[in-house]
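Below: the structure, in structure tokens.
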């Protein structure tokens, strides 16, 4: 048993940072998708009658997403294949590796960090202004989804595409319904 464990550790050793980054990126994709669903159910007016209070769940999922994204980017600093600098993982358009997709991921992270962090300053910036600002979180999430589909080892793998569809499609569906709903309501009001 000890020999098997040592063999596994030796095999994983050179790829530990890459594997950790991959796992954290996948976790961030799943967490952020569920968080978007919870957020849309809270403020989207999509549920009728009595509904569960998902604010604490949404906040916890959002914070877990940010943590997973930080691990995703920072563990790449130890990757023996890419050898990125801190700038490569933190500044858009700086990395020479898959520049477009990497930049999308970096912009998505910073946008999620700023927009998510604005929750804690909402009384200072005004709740109505914060709500308008917070709507842009969906765009940051979409950028993150595009990053995950366009870059990385797993991007074209069947299991990854299936997992992404299972996680992303419910959130996308809620987002579409949320944004079509006011237009449908406005047209219905004009017709009557």
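Quick notes on this structure:
- Matching residues, the stretch 132-155, being more than 18 Å from residue 22 (Cα to Cα) and either surrounded by 15 or more Cβ atoms within 10 Å (Cβ to Cβ) or under 19 Å from the mean Cα position of the chain (by Cα) (or both): 133, 134, 135, 136, 137, 138, 139, 140, 142
- Residue 40 being at pLDDT below 95, more than 19 Å from residue 113 (Cβ to Cβ) and assigned to a helix (DSSP H, G or I): yes
- Single residue of the stretch 102-118 satisfying the filter (in contact with a helix residue (DSSP H, G or I) (Cβ under 7 Å, 6 or more places away or on another chain) and at pLDDT below 95) that is nearest to residue 35 (Cα to Cα): 116
- Residue 34 fulfils the conditions (1) surrounded by 13 or more Cβ atoms within 10 Å (Cβ to Cβ); (2) more than 24 Å from residue 175 (Cβ to Cβ); (3) touching a residue at least 24 places away in the same chain (Cβ under 8 Å) except for a single criterion, (2).
- Condition check for residue 158 on (1) exposed (fewer than 14 other Cβ atoms within 10 Å of the Cβ); (2) closer than 20 Å to residue 23 by Cβ; (3) in contact (Cβ under 8 Å) with a residue 60 or more places away in the chain: one failure, at (3).
- 2 or more residues over 21 Å from residue 66 (Cβ atoms): qualifying helices (runs of 4 or more DSSP H) within the stretch 109-170: 127-134
- Selection count where residues are surrounded by 17 or more Cβ atoms within 10 Å (Cβ to Cβ), in a loop (DSSP other than H, G, I, E, B) and without any contact (Cβ under 8 Å) to a residue 40 or more places away in the chain, scope the stretch 53-81: 1
- Every residue from the stretch 86-101 that is surrounded by 13 or more Cβ atoms within 10 Å (Cβ to Cβ) and part of a loop (DSSP other than H, G, I, E, B): 91, 92, 94, 95, 97, 98
The values are calculated or read from the model by the stated rules, or taken from the named source; none is laboratory data. None of these values were measured; they are calculated from a predicted model. Positions of Cβ are backbone-derived with ideal geometry, glycine not excepted, and every protein chain shown enters the neighbour counts.
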